[in-house]
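To start, the structure under review is shown below, and the notes come after it.
What follows draws every value from the coordinates through simple rules; no lab data is involved. A quick note: this is a predicted structure, and the numbers were derived from the prediction, not measured. Note that we place each Cβ from the backbone using ideal geometry, even for glycine, and neighbour counts take in every protein chain shown.
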Amino acid sequence: MSCALLLVEDNEDILANLYAFFEPMGYVLDCARNGKAGLQMALEHDFDCIVLDVMLPGLDGVSLCRRLRQEHKCATPVIMLTARDAVADRVTGLEAGADDYLVKPFAFRELEARIRALLRRGRLQSATGMDRGGLWTCADLTLNAEEHWAARQGRRLRLSPTGFRILKELLRVAPGLVRRQHLEQVLWGDEPPEGSALRTHIHELRRELDKPFGLPLLHTVPHVGYRLSPDPAEGGAPDIAPDIAPDVTPDVVADAAPDVVADAAADAAANATVREASSGPANPASDCTDKDVG
């Protein structure tokens with residue numbers, strides 16, 4: 001199946017290399033060399049994905065992406081390319097509506113893998129994802145990203161700002177898995193708080209999202225992360241207890257059965273013992289053979 005890509009890039013060398021890599025693989029490519037032309041082409045044609053440079057003449061990539069999302073309700077996946085690797089820059093790009101963010105220099109194979117991941121995600125969300133009005137859905141759950149509200153079975157959910165961001169990130173890949181480290185990066189960047197802050201927020205979100213309803217949607221994959229799904233078989237354990245650590249605040253622990261919490265603590269201790277017993281010299285990393293793009 002062919003895939004139509006719009007490349008918005010003003011660097012002729014990078015553009016030529018992208019064509020040389022993607023065209024032999026069957027991708028259908030079109031390009032724009034400035035932001036205004038890129039915006040016009042994105043609106044006039046139906047692309048599967050947009051590869052967007054940040055530093056563009058006429059209209060920068062962040063502004064272009066924000067206009068696509070906010071003014072024109074365009075839901076085409078966007079991957080931003082930039083030499084800026086600071087956390088603040090990545091957050092700015094993602095908050096403008098980009099689906100992914102790749103820092104230069106990058107490997108062609110990684111870019112292609114990220115494009116394929118976005119396309120898979122789009123197919124999964126064809127029945128449960130975001131529509132062009134900014135609505136995300138999963139089963140009887142709806143989240144409106146633009147108006148900043150979420151509802152289940154028609155009932156508005158009372159979510160904290162952090163809970164809303166977690167729910168939006170889970171919906172973005174539902175029913176896929178979101179790893180704990182990724183959520184911490186989204187919420188706090190490179191300096192997550194110590195202790196069990198994420199677990200506490202997940203507990204509060206589950207209490208509002210699932211407790212009043214018969215079907216749990218928020219599932220814990222112990223020691224890995226979380227996912228949204230109406231199917232418990234996809235989600236792992238729907239109970240928060242296996243993910244509770246001893247330093248969780250007392251009001252959070254109170255909702256879990258004492259014996260389950262004790263089991264979780266025992267599991268954590270056992271895992272620590274296994275890690276100590278199995279520690280050894282790491283395997284040397286293999287050399288990268290991908291061509292990098294600067």
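The figures follow:
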{"quantity": "Glu147 versus Leu29: modelled label distance in nm, points set 7 Å from Cα along the beta carbon direction", "calculated": "4.2 nm"}
{"quantity": "Low-density loop cleavage sites - trypsin sites (Lys or Arg not before Pro) in region 62-111, where at most 14 other Cβ are within 10 Å (DSSP)", "calculated": "Lys73"}
{"quantity": "Potential lengthening between Glu194 and Arg156 on full extension [0.36 nm per residue; Cα-Cα distance subtracted]", "calculated": "10.5 nm"}
{"quantity": "Val87 versus Glu110: modelled label distance in nm, points set 7 Å from Cα along the beta carbon direction", "calculated": "1.9 nm"}
{"quantity": "Residues whose placed amide H lies under 5 Å from that of Leu59, excluding near-sequence neighbours", "calculated": "Gly35, Lys36"}
{"quantity": "In order through region 177-194: 3J(HN,Hα) via Karplus (6.51 cos²θ - 1.76 cosθ + 1.60), integer Hz, x for Gly, Pro", "calculated": "7, 10, 6, 4, 5, 5, 4, 4, 5, 5, 7, 10, x, 8, 10, x, x, 6"}
{"quantity": "Set of region 144-186 residues, backbone N closer than 18 Å to the point 7 Å along the Cα-Cβ line of Val103", "calculated": "181-186"}
{"quantity": "Sites Ala4 and Glu95, calculated FRET efficiency, Cβ-Cβ separation with R0 30 Å, nearest 0.05", "calculated": "0.70"}
{"quantity": "Region 150-164 residues near the modelled Leu135 label - backbone nitrogen below 16 Å, point 7 Å along Cα→Cβ", "calculated": "150-157"}
{"quantity": "At 0.692 mPa s and 37 °C, Stokes D of region 1-122 from Kirkwood alpha-carbon radius, µm² per second", "calculated": "232 µm²/s"}
